[in-house]
Amino acid sequence: MKLEAFPPVKGKHNLENYEELYQHFKWDQAEKDFSWHQTGKVNLAYEAIDRHAENYRANKVALHYFHPSRKETYTFKDLKKFSNKAGNVLKDVGKVNKGDRVFIFMPRSPELYFALLGAIKLGAIVGPLFEAFMEDAVKDRLHDSEAKVIITTPELVNRIPHTELPALETIFIVGENIQEDNKTKDFLHHFQTASTDLDIEWVDRKDGLILHYTSGSTGKPKGVLHVHNAMIQHYQTAKWVLDLQEDDVYWCTADPGWVTGTSYGIFGPWLTGSTNVVAGGRFSPDIWYKTIETFGVTVWYSAPTSFRMLMAAGAEVTEKYTLSSLRHILSVGEPLNPEVIRWGFDVFGHRIHDTWWMTETGAQLICNLPCMDIKLGSMGKPLPGIEAVILDDDGNILPPNQMGNLAIKKGWPSMMYTIWNNEEKFNSYFQHDQWYVSGDSAYLDEEGYFWFQGRVDDVIMTAGERVGPFEVESKLIEFPAVAEAGVIGKPDPIRGEIIKAFIALVDGYEKTDQLKEEIRLFVKTGLAAHAAPREIEFCEKLPKTRSGKIMRRVLKAWELGLPTGDLSTMED
Ligand code: 6R9
């Protein structure tokens, strides 16, 4: 029998009484834990690493690195030492100063983390890039930000068109026997001899920390700039939402090329002094479960796409591993389908907690906390210190149960500082000066839970009804043969739009018209007649971003034979 009630998790949590805290919490209460309270100056890398290396956590494991061909463990003391070394290489050989843009373009490896932390210690602004980016994607980002230094590997270096990037002075390559010239430097060679002492650059809270490029549906990707001040919220949410406690072993599956892989793959966990697992290599259900088993992962942060793939891989794989160390599971990036939560409860014995936020918001804003009831399909409630509303197109606040634009009251600590070189774009996010408008469509229910419907551009208008693609997709994946589904509105002369579903089947099912009909009926009887897809197309794979989001705009462009826009963040 399926369990439908998902009451709060028993046990002790960092945040026990949400309603009460929500009433009186102010962000300056969260600042008291940091050194700038005394000095006025700060450096996130100091707070995340050195602070622990200098206290009782010095010999605590900070990083378990796990790759099919490399397995290493580092304490906080080690990370302090190695990030200092990396900082010295960047400073002495790369001439990196405060405010310079330092890009990191490589697969996850310990060196990536040393370099990123080392650059932050120098007051530089780091720009992490997915290793899968091709030449144009790399060029756009380095060009826009006028990057001075990039750290990469021998396999990727040819994708950096350095002759077209006048600001780029140094390319560090992490690999064996690197041939040096004016521009190209052997990172590991300099790293070996670099000093383990480094003078940290103490910066202001509003000084630049990280640039994450994110692409919208049109135009070039934009550089979202975050500043050191964001750490207040990285830290506080790692406590409240990830619920990290001293003995936890935490694993965030995201790559640092995506904001989840930095805010919650680096900053949040280390600001709280937690043991952090980093797994390199490609997704494979066996390797993922093995990672949980090997390190005894207790808190696990991943994305719906990965959970859906694990679900499709079947119980045989799950049953081979001991996953009983897990105590808290979270998800981000896309709406979390109810079916996935049910599956998670069956196989792990735990709820999966959905969390909502964006590159631009820097940290989690609307979440399911361990102390709350979960309503399947809802992204939860705003965190203490966050005011969230649904606005109509004129900026009026809508009452419960009406779909509109999800907006947040300006001024939370991790809000983007600006869009690099594009003040106009930055300003376009705000309405009536006080609301940050997310571009997501959602509604609020009477009990204060928010329900995601889709990106505003993805909401479907069919025969006078507004339908969010998410609820149709969630119903579709309840059907046993459906592994993943992407739903779009297709223009129709009579209905305005009709619903079209692209479906990837679970291995072993045949793509027949009869199956399409059964799926259609399933949605019709289980959700609503108007929400049943009039057209279904089977495909091997759905187009997704590297962070696992289904790219509905690409499905739509394909369907209509229109240009697909920027595809730099699409998976192979
Ligand atoms: C962290 C991250 C942001 C967009 C966001 C929304 C979607 C993220 C979600 C979610 C439904 C959730 N999104 N979390 N939708 N439920 N829990 O994902 O940042 O890559 O910038 O994407 O992702 O549409 O606006 P980013």
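Highest first, please rank the peptides 19-25, 155-161 by the mean number of other Cβ atoms sitting within 10 Å of their residues. Walk me through the numbers before you get to the answer.
Values: 19-25: 12.6, 155-161: 16.3.
Highest to lowest by the protection proxy: 155-161, 19-25.
From the backbone phi of the range 353-361, what are the Karplus-calculated ³J(HN,Hα) couplings (6.51 cos²θ - 1.76 cosθ + 1.60, θ = phi - 60°) in whole Hz, Gly and Pro given as x?
Computed from phi, the couplings for the range 353-361 are 9, 6, 9, 10, 5, 9, 3, 5, 8 Hz.
Quick one: with all protein chains in place, what share of the accessible area of the range 459-560 is carbon or sulfur, to the nearest percent (1.4 Å probe)? Don't skip to the answer; put the middle values down first.
On the way: 2300 of 4650 Å².
Ligands and nucleic acids excluded, carbon and sulfur reach 49 percent.
When the chain is fully extended, how far beyond the present Cα-Cα distance does I494 get from N396, taking 0.36 nm per residue of separation?
On the way: separation 98, 0.36 × 98 = 35.28 nm, distance 3.12 nm.
Result: 32.2 nm gained on full extension.
Let me check I've understood the local charge: for D186, count other residues with C-beta under 15 angstrom from its C-beta, Lys and Arg +1, Asp and Glu -1. What total comes out? Walk me through the numbers on the way to the answer.
Values: positive: K85, K183, K185; negative: D92, E111, E176, E180, D181.
That sum, taken over residues with Cβ under 15 Å, equals -2.
With N set to the residue count of the range 459-560, report its C-alpha Rg divided by 2.2 N^0.38 Å to two decimal places.
Details: Rg = 12.8 Å, N = 102, 2.2 N^0.38 = 12.8 Å.
That ratio works out to 1.00.
Within 10 Å, Cβ to Cβ, of T153, how many net charges do the neighbouring residues add up to if Lys/Arg are +1 and Asp/Glu are -1? Mind showing how you got there, number by number?
Details: positive: none; negative: E111, E131, E155.
Around T153, the surrounding residues sum to -3.
Just add up the charged neighbours of M372: K/R +1, D/E -1, any other residue whose Cβ is under 15 Å from the Cβ of M372. It would help to have the intermediate numbers written out before the result.
Details: positive: K10, R351, K375, K381; negative: E16, E19, E20, D243, D354, D373, D445, E447.
Net local charge, M372 excluded: -4.
For a quick check: with amide H placed at 1.01 Å from N, whose amide H comes under 5 Å from M551's, ignoring anything fewer than 5 positions away on the same chain?
Excluding prolines and chain starts, which carry no amide H, the hits are K544, T545.
Could you put C371, C252 in order of accessible surface area, largest first, with the 1.4 Å probe and the full protein assembly present? Write out the running numbers ahead of the final one.
On the way: C371 30, C252 10 Å².
Most to least solvent-accessible, the answer reads C371, C252.
On each of the three principal axes of the Cα atoms of the chain, give max minus min coordinate, whole Å, ordered largest first.
Sorted from largest, the Cα extents of the chain read 68, 55, 53 Å.
Whole-Hz ³J(HN,Hα) for each residue in the range 413-424, computed from phi via Karplus 6.51 cos²θ - 1.76 cosθ + 1.60 with θ = phi - 60°, x for glycine and proline: what do you get?
My calculation for the range 413-424 gives x, 9, 4, 3, 7, 6, 9, 4, 6, 8, 4, 5 Hz in order.
Just the number please: accessible area per residue for the chain, 1.4 Å probe, all protein chains included, in Å². Display every interim value, and only then the final one.
Details: 22740 Å² over 572 residues.
For the chain, the solvent-accessible area averages 40 Å² per residue.
At q = 0.13, 0.17, 0.20, 0.22 Å⁻¹, what is the base-10 log of I(q)/I(0) for the range 104-219 according to the Debye formula with one equal point scatterer per Cα and no solvent? Please give it to two decimals.
For the range 104-219, the Cα-only Debye profile gives -0.52, -0.90, -1.22, -1.43.
Counting only protein heavy atoms, what percent of the accessible surface of the range 299-380 is carbon or sulfur at a 1.4 Å probe? Display every interim value, and only then the final one.
On the way: 1020 of 2010 Å².
Carbon with sulfur: 51 percent of the solvent-accessible area.
If you plug each phi of the range 239-248 into the Karplus form 6.51 cos²θ - 1.76 cosθ + 1.60 with θ = phi - 60°, what whole-Hz ³J(HN,Hα) values come out, in order, with x for Gly and Pro?
Per-residue couplings from phi come out as 6, 6, 8, 6, 6, 5, 10, 3, 8, 6 Hz.
Run the dipole for the chain about the Cα centre, Lys and Arg Cβ at +1, Asp and Glu Cβ at -1, nothing else charged, and hand back the magnitude in debye, nearest 20.
Details: 62 positive and 80 negative charges, 149 e Å.
With Lys and Arg at +1 and Asp and Glu at -1, about 720 debye.
The values are calculated or read from the model by the stated rules, or taken from the named source; none is laboratory data. Values in this document were obtained by computation on a predicted structure and should not be read as measured data. So basically every Cβ, Gly included, is an ideal-geometry build from the backbone, and we count neighbours across all protein chains shown. The protein model used for the area step is the full one, side chains on, heavy atoms only, and it has no ligands, DNA or RNA in it. Shrake-Rupley method; radii C 1.70, N 1.55, O 1.52, S 1.80 Å.
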